[in-house]
Amino acid sequence: MIERINENERRLDRTLSCIKNLETAISDFIANEDEIKKLNEYYGSQNWFADKDSYERGDIPKIKAGVLSEDAVWNMNEEISELISEMDLLVKRFSTEKDGDNENEIPQK
């Protein structure tokens, strides 16, 4: 009995920690939304192409410039889409569990 209580107490503590981490991550992401929008406006713009050309010609010193790659921002947006899909599945899963239906499984990574 004591072990069962201790085990479930650990589950509660771990879950509360996960919730706190998720709340922080969501808040940080929402606070960064304007930066994401600005980055997407820059990516593929005339300025982006000019900066990329200058960097590739060596007119700009070698600096961290992953933003000038053709994949970095694209991949970031794909990751955002994947996270949104995972969160949607999570919402559906927990919503249906309240109703006693477990048909929406969260994919395990």
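Observations on the structure shown:
- Filter result for ILE63 (out of contact with any strand residue (DSSP E or B) (no Cβ under 8 Å at 6 or more places or on another chain), open to solvent by 90 Å² or more (accessible area, probe 1.4 Å) and outside any helix (DSSP H, G or I)): yes
- Some residue of the range 28-42 being part of a helix (DSSP H, G or I) and more than 27 Å from the chain's Cα centre (by Cα): no
- Flag if ILE30 is at pLDDT below 95 and aliphatic (A, V, I, L, M): no
- Residue within the range 70-84 that is open to solvent by 70 Å² or more (accessible area, probe 1.4 Å), out of contact with any strand residue (DSSP E or B) (no Cβ under 9 Å at 6 or more places or on another chain) and not in a helix (DSSP H, G or I) present: yes
- Matching entry among ILE36, ILE26 (being in contact (Cβ under 8 Å) with a residue 40 or more places away in the chain and open to solvent by less than 80 Å² (accessible area, probe 1.4 Å)): ILE36
- Verdict on LYS20 being basic (Lys, Arg), under 20 Å from VAL73 (Cα atoms) and part of a helix (DSSP H, G or I): no
The values are calculated or read from the model by the stated rules, or taken from the named source; none is laboratory data. Everything quoted here is computed from the prediction, not taken from an experiment. Every residue, glycine as well, gets a Cβ built from its backbone with ideal geometry; the counts of neighbours run over all protein chains shown. Surface areas here come from the heavy atoms of the whole protein model, side chains and all, with no ligands, DNA or RNA. Shrake-Rupley method; radii C 1.70, N 1.55, O 1.52, S 1.80 Å.
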